[in-house]
Amino acid sequence: MSAEDTHGSSVEVAARVERRWTAIAVIIIVAMALLAAFAGIHQATMPQPRVETTDPSRLHLSGEFVESNLGSMLEANGNVTVRAIGQQYSFTPACIVVPVDTPITLRATSADVVHGILIQGTNVNTMLVPGYISEQLMRFTRTGDYLMPCQEFCSFGHEGMWGKVKVVDKTNFANRAKAGGRLSCVGQ
Amino acid sequence: MLVNRKLILAHFWLAFGVFGVALTLGAWQMFIRSPIGTWLSNPELYYRSLTAHGTVMGYVFPTLVAMGFGYAIAESALEQRLVGVRWAWTGFWLIVVGSVMAVIPIALGRASVLYTFYPPLIGNLFYYLGVVLVVVGSWIWVALMSINLRVWRKAHPGAPVPLAMFANVAGSYLWAWTAVGAALELLLQIIPVAAGLKNTIDAGLARIFFSWTLHAIVYFWLMPTYIAYYTIVPRAIGGRVYSDAMARISFILFLVVAMPIGMHHTFADPQVGAGFKFIHSAFTALVALPTLLTVFTICASVEIAARLRGGRGMFGWIRALPWDNPMMLALAFSFVMLGFGGAGGLINMSYQLDTTIHNTQWITGHFHLIFGGAIVIMYFAIAYDLWPHLTGRELVDIRLIRTQLWLWFIGMIVTTFPWHWVGILGMPRRMAYFDFSDPAIAPQALSVTFSVIGGFILLASGIMFIIILARGMRAPQADAGAYRFALAVHQPTTVPVALNTHALWVALMIALTITNYGYPILNLATAAGTSVPAVYVGAQ
Ligand code: HEM
Ligand SMILES: [Cu+2]
Ligand SMILES: [Cu+2]
């Protein structure tokens, strides 16, 4: 074999190895994308589908986020809706009470700057951007207290912006809900 | 042929000087918010420090490194004198003036908006103007890179552009275009409000503009590191680049797919619907491709070096590598950190998994590992490699260099692994203070303490780095010869036009940005009633 030949074949080998690796890389990526699509569609773990707006300077005057409408509410179908707002440097309500093993819709917004809601030990995690309403579905499988810090810098008091979530059993929640109105665990 | 050494040295010294200051602030932040440092009576100081640390590490430091390295590449890879030296100095001074202008309001507590400056929080006007000047300074560099390449092409019609310059110019175009997002946010939205001309702002739109910058800026940070992987490492360890064409394809892919994916930073945001989030998530998967190709090509190039040194066997060649060579060490450390960081990145990019770690300390742990670790360790390596050529003096402290690299690697692992862990436990980021006496937070205390130790190791390593470079300025004179880049196994004599020019790919980059960003931006910009009152920092 001449030197020319070995040179030619080594070029070929190199190109083949490289092509193979490229194929593996592409397969890894396609598999990842399919997995994400599957989880998103099949298990319905999609982010919030719709964009809803609201005027932060009028939150306290009218509409969904007036003070008397904040907190947890038992719906006719047994589900629960929680409405909350974030403002420098607290959440209202500061303590959210919800039943265990129940589909819950969290609807929240900000009254001033960007905040975030994160419930520790769960995958509940959303931004609160003033002007827009964040909606997240959640379901707790364990009763107990959870910390709920603000997860985005919102100016000099950010480190003090911690709320709480109290997950109680269903009968406890149903009893609390009997009186009507919006529930919270502030001061308990 | 490094003629304008002073220019390049000025960029590097300013870069590493501000890096040293910001590193010290970083170590202080880590310490002060930990269980062993609870005496901060004024939490506001933390946010001043954090704004300075983030602004310097995110904008000023990497930009200066890319610029200095870019000028070095333009002169040495093209083997021609830099065209536009006076403009280059103008760019440099714009960055100096911009940095000073930004840092004064930060130090006074008038611009504690952090480097992401999310409105409607609004800081002092001069902070934003300073950032704009830094970006404008860097745009001069982009123009110069393009002009210098054009001058070279005229003199060498049809010749393959040297890989280092091809990649460098690709990186500069990527930066020029990705900075447009933040520039639009600053010029159209924030600056009018900071100047008092308006008092409302669309916070959702601002976040979308910022996301346009926020992802691809990461690849701009990465560019010098990747250029070093391909064009310095193989030469420094006595190997060859496995494939010149594959290298070009990787840089082209970065240029095209790094841009239209930034909305993966807004998975948890209410102002974009699920559709565009999904599209950006899918495109994000694509951006792993150039990195996977790079890992292959670099490992293969390193293997060539080992076999040339007599390495044998399936894995036995690894022992034959020049492990006492700082470049080899830096590359190995960088790859290990890139591997761990990349695995973490796969978690961030999937919006199902992202919900558990979004805006937690996991994120800060993640980007310190990738950016502060995998990327910055190669900045060190670049500086060590170029220094003798810039100063005309030998770097004699090889042992010290090895120790410095080891410490950076160990420090980064010790800092970031526990940092990721507390993120999984749900510890939020950007907080000046944590109540570790709360039983729900107490379990995080030990991990945070480990991170503090890691932070001090990093600080020690950073100081060593600066000492080594400073001593290098005084070492005995020695001629280092011409600065050269690695050759490919098959050094190209001709390259297809598509792999030798950028125009097509720049057009594709812009087109993809428009398809992936055009509709959401128009939609938000034309929606009525989404502007909210500005909240001025320091006005409360
Ligand atoms: C001694 C080494 C370092 C330590 C201990 C350190 C520590 C920190 C800390 C504590 C934060 C704030 C995290 C938070 O409050 O959520 C932070 C943020 C940050 N660090 Fe570092 N850091 C170091 C080195 C670096 C390096 C080398 C880089 C990159 C070149 C870097 C880039 C950043 C950036 C961009 C931020 C974001 C600021 C923000 O969230 O607004 N850091 N660092
Ligand atoms: Cu907040
Ligand atoms: Cu990104």
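The values are calculated or read from the model by the stated rules, or taken from the named source; none is laboratory data. Everything quoted here is computed from the prediction, not taken from an experiment. We place every Cβ from the backbone using ideal geometry, glycine too, and count neighbours over all the protein chains shown. The accessibility values were calculated without ligands, DNA or RNA, using every heavy atom of the protein model including side chains. Shrake-Rupley method; radii C 1.70, N 1.55, O 1.52, S 1.80 Å.
Within the range A:97-141, can you find the residues that are of a type in the set (S, T, N, Q) and within 13 Å of chain B (Cβ to nearest Cβ)?
Initial filter on the range A:97-141 (of a type in the set (S, T, N, Q)): A:102, A:105, A:109-110, A:120, A:122-123, A:125-126, A:134, A:136, A:141.
Scanning the range A:97-141 gives A:Thr109, A:Ser110, A:Gln120, A:Thr122, A:Asn123, A:Asn125, A:Thr126, A:Ser134, A:Gln136.
When you look at B:Met259, is it buried (at least 22 other Cβ atoms within 10 Å of the Cβ), part of a helix (DSSP H, G or I) and either touching a Pro at 6+ places or on another chain (Cβ under 9 Å) or of a type outside the set (Asp, Glu) (or both), yes or no? I'd like the intermediate steps shown before the answer.
Details: buried (at least 22 other Cβ atoms within 10 Å of the Cβ): yes; part of a helix (DSSP H, G or I): no; either touching a Pro at 6+ places or on another chain (Cβ under 9 Å) or of a type outside the set (Asp, Glu) (or both): yes.
Considered against the rule, which asks whether it is buried (at least 22 other Cβ atoms within 10 Å of the Cβ), part of a helix (DSSP H, G or I) and either touching a Pro at 6+ places or on another chain (Cβ under 9 Å) or of a type outside the set (Asp, Glu) (or both), B:Met259 comes out as no.
Filter the range B:262-314 for residues that are part of a helix (DSSP H, G or I) and of a type in the set (D, E, K, R); which is nearest to A:Thr53 (Cα to Cα)?
Per the stated criteria, the residue is B:Lys277.
Could you look through the range A:117-168, keep only residues that are of a type in the set (Phe, Trp, Tyr) and part of a strand (DSSP E or B), and pick out the one that is most open to solvent (accessible area, probe 1.4 Å)?
Only one residue fits best here, namely A:Trp162.
Can you tell me how many residues in the range B:101-122 are more than 9 Å from chain A (Cβ to nearest Cβ), of a type in the set (Val, Ile, Thr) and surrounded by 21 or more Cβ atoms within 10 Å (Cβ to Cβ)? Outline the logic, then answer.
Of the range B:101-122, the ones more than 9 Å from chain A (Cβ to nearest Cβ) are B:101-108, B:110-111, B:115, B:117, B:122.
With of a type in the set (Val, Ile, Thr) added as a condition, the list becomes B:103-104, B:106, B:122.
With surrounded by 21 or more Cβ atoms within 10 Å (Cβ to Cβ) added as a condition, the list becomes B:103, B:106, B:122.
Residues in the range B:101-122 being more than 9 Å from chain A (Cβ to nearest Cβ), of a type in the set (Val, Ile, Thr) and surrounded by 21 or more Cβ atoms within 10 Å (Cβ to Cβ): 3 in total.
Counting only residues that are more than 7 Å from chain A (Cβ to nearest Cβ) and surrounded by fewer than 22 Cβ atoms within 10 Å (Cβ to Cβ), which one in the range B:266-277 is farthest from B:Arg240 (Cα to Cα)?
B:Gly275
Of the residues that sit in the range A:170-180 and are open to solvent by 50 Å² or more (accessible area, probe 1.4 Å) and out of contact with any Pro (no Cβ under 7 Å at 6 or more places or on another chain), which one is farthest from ligand 1 (Cβ to nearest atom)? First the steps, then the outcome.
From the range A:170-180, those open to solvent by 50 Å² or more (accessible area, probe 1.4 Å) are A:170-172, A:175-176, A:178-179; that's our starting set.
Within this subset, residues satisfying the condition of being out of contact with any Pro (no Cβ under 7 Å at 6 or more places or on another chain) are A:171-172, A:175-176, A:178-179.
Working: A:Thr171: 41, A:Asn172: 37, A:Asn175: 41, A:Arg176: 37, A:Lys178: 43, A:Ala179: 42 Å.
My answer is A:Lys178.
Could you tell me which residue of the range B:215-231 is nearest to ligand 3 (Cβ to nearest atom), considering only residues that are under 26 Å from A:Val13 (Cβ atoms) and buried (at least 24 other Cβ atoms within 10 Å of the Cβ)?
Here is the first cut: in the range B:215-231, the residues under 26 Å from A:Val13 (Cβ atoms) are B:226, B:229-231.
Add one more test, that the residue is buried (at least 24 other Cβ atoms within 10 Å of the Cβ), and what stays is B:229-231.
Working: B:Tyr229: 21, B:Tyr230: 23, B:Thr231: 26 Å.
If we take residues in the range B:215-231 being under 26 Å from A:Val13 (Cβ atoms) and buried (at least 24 other Cβ atoms within 10 Å of the Cβ), then B:Tyr229 is nearest to ligand 3 (Cβ to nearest atom).
For the condition out of contact with any His (no Cβ under 8 Å at 6 or more places or on another chain) and buried (at least 16 other Cβ atoms within 10 Å of the Cβ), what is the one hit in B:Ile468, B:Ile514? Quick ask: steps written out before the conclusion?
Numbers: B:Ile514 fails: buried (at least 16 other Cβ atoms within 10 Å of the Cβ).
So the residue among B:Ile468, B:Ile514 that is out of contact with any His (no Cβ under 8 Å at 6 or more places or on another chain) and buried (at least 16 other Cβ atoms within 10 Å of the Cβ) is B:Ile468.
Would you confirm whether any residue within the range B:75-93 is within 16 Å of ligand 2 (Cβ to nearest atom) and at pLDDT 95 or above? Write out each step before concluding.
At the first step, the residues of the range B:75-93 found to be within 16 Å of ligand 2 (Cβ to nearest atom) are none.
Scanning the range B:75-93 turns up no residue that is within 16 Å of ligand 2 (Cβ to nearest atom) and at pLDDT 95 or above.
Can you find a residue that is aromatic (Phe, Trp, Tyr) and away from ligand 2 (no atom under 11 Å from the Cβ) anywhere in the range A:81-103?
We begin by selecting, within the range A:81-103, every residue aromatic (Phe, Trp, Tyr); these are A:89, A:91.
Subsequent filtering for residues that are away from ligand 2 (no atom under 11 Å from the Cβ) retains none.
No, there is no match, as no residue in the range A:81-103 is aromatic (Phe, Trp, Tyr) and away from ligand 2 (no atom under 11 Å from the Cβ).
Looking at the structure I just gave you, is B:Tyr433 away from every other protein chain (no Cβ under 11 Å), assigned to a loop (DSSP other than H, G, I, E, B), on the phi < 0 side of the Ramachandran plot and in contact with a helix residue (DSSP H, G or I) (Cβ under 6 Å, 6 or more places away or on another chain)?
Values: away from every other protein chain (no Cβ under 11 Å): no; assigned to a loop (DSSP other than H, G, I, E, B): yes; on the phi < 0 side of the Ramachandran plot: yes; in contact with a helix residue (DSSP H, G or I) (Cβ under 6 Å, 6 or more places away or on another chain): yes.
Criteria not met by B:Tyr433.
Looking at the range B:324-333, can you tell me whether even one residue there is within 20 Å of the chain's Cα centre (by Cα) and free of Cβ contacts under 8 Å to residues at least 12 places away in the same chain? Explain how you work it out, then say what you get.
First, pick out the residues of the range B:324-333 that are within 20 Å of the chain's Cα centre (by Cα): B:327, B:330-333.
Among the residues that remain, those that are also free of Cβ contacts under 8 Å to residues at least 12 places away in the same chain are: B:332.
Yes - at least one qualifying residue is present in the range B:324-333.
Here's the yes/no breakdown for (1) hydrophobic (A, V, I, L, M, F, W, C); (2) touching a residue at least 60 places away in the same chain (Cβ under 8 Å); (3) touching a helix residue (DSSP H, G or I) at 6+ places or on another chain (Cβ under 6 Å):
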site	(1), (2), (3)
B:Phe61	yes, no, yes
B:Gly84	no, yes, yes
B:Gly98	no, no, yes
B:Arg110	no, yes, no
B:Thr116	no, yes, no
B:Leu125	yes, yes, yes
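Which members of the range B:304-321 meet the condition of being in contact (Cβ under 8 Å) with a residue 60 or more places away in the chain and either buried (at least 18 other Cβ atoms within 10 Å of the Cβ) or at the interface with another protein chain (Cβ under 9 Å from one of its Cβ atoms) (or both)?
Residues satisfying the conditions are B:Ile304, B:Ala305, B:Ala306, B:Leu321.
Report the residue count in the range B:27-53 for those that are open to solvent by less than 10 Å² (accessible area, probe 1.4 Å) and either within 16 Å of ligand 3 (Cβ to nearest atom) or of a type in the set (Val, Ile, Thr) (or both).
Looking only at that region, the number is 2.
Residues checked against (1) buried (at least 24 other Cβ atoms within 10 Å of the Cβ); (2) not aliphatic (A, V, I, L, M):
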site	(1), (2)
B:Ser172	yes, yes
B:Ala176	no, no
B:Ile190	yes, no
B:Ala206	yes, no
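Name the one entry in B:Gly238, B:Gly275 that is away from ligand 3 (no atom under 16 Å from the Cβ) and out of contact with any helix residue (DSSP H, G or I) (no Cβ under 8 Å at 6 or more places or on another chain).
Working: B:Gly238 fails: out of contact with any helix residue (DSSP H, G or I) (no Cβ under 8 Å at 6 or more places or on another chain).
Result: B:Gly275 is the single residue among B:Gly238, B:Gly275 that is away from ligand 3 (no atom under 16 Å from the Cβ) and out of contact with any helix residue (DSSP H, G or I) (no Cβ under 8 Å at 6 or more places or on another chain).
Name the residues in the range A:79-91 that are buried (at least 22 other Cβ atoms within 10 Å of the Cβ) and in contact with an Asp or Glu (Cβ under 7 Å, 6 or more places away or on another chain), would you?
A:Arg83
What helices (runs of 4 or more DSSP H) completely inside the range B:335-420 contain at least 3 residues that are more than 10 Å from ligand 1 (Cβ to nearest atom) and open to solvent by less than 20 Å² (accessible area, probe 1.4 Å)? Steps first, answer last, please.
Values: elements: B:351-357, B:361-367, B:376-391.
Of the helices (runs of 4 or more DSSP H) lying wholly inside the range B:335-420, those with at least 3 residues that are more than 10 Å from ligand 1 (Cβ to nearest atom) and open to solvent by less than 20 Å² (accessible area, probe 1.4 Å) span B:351-357, B:376-391.
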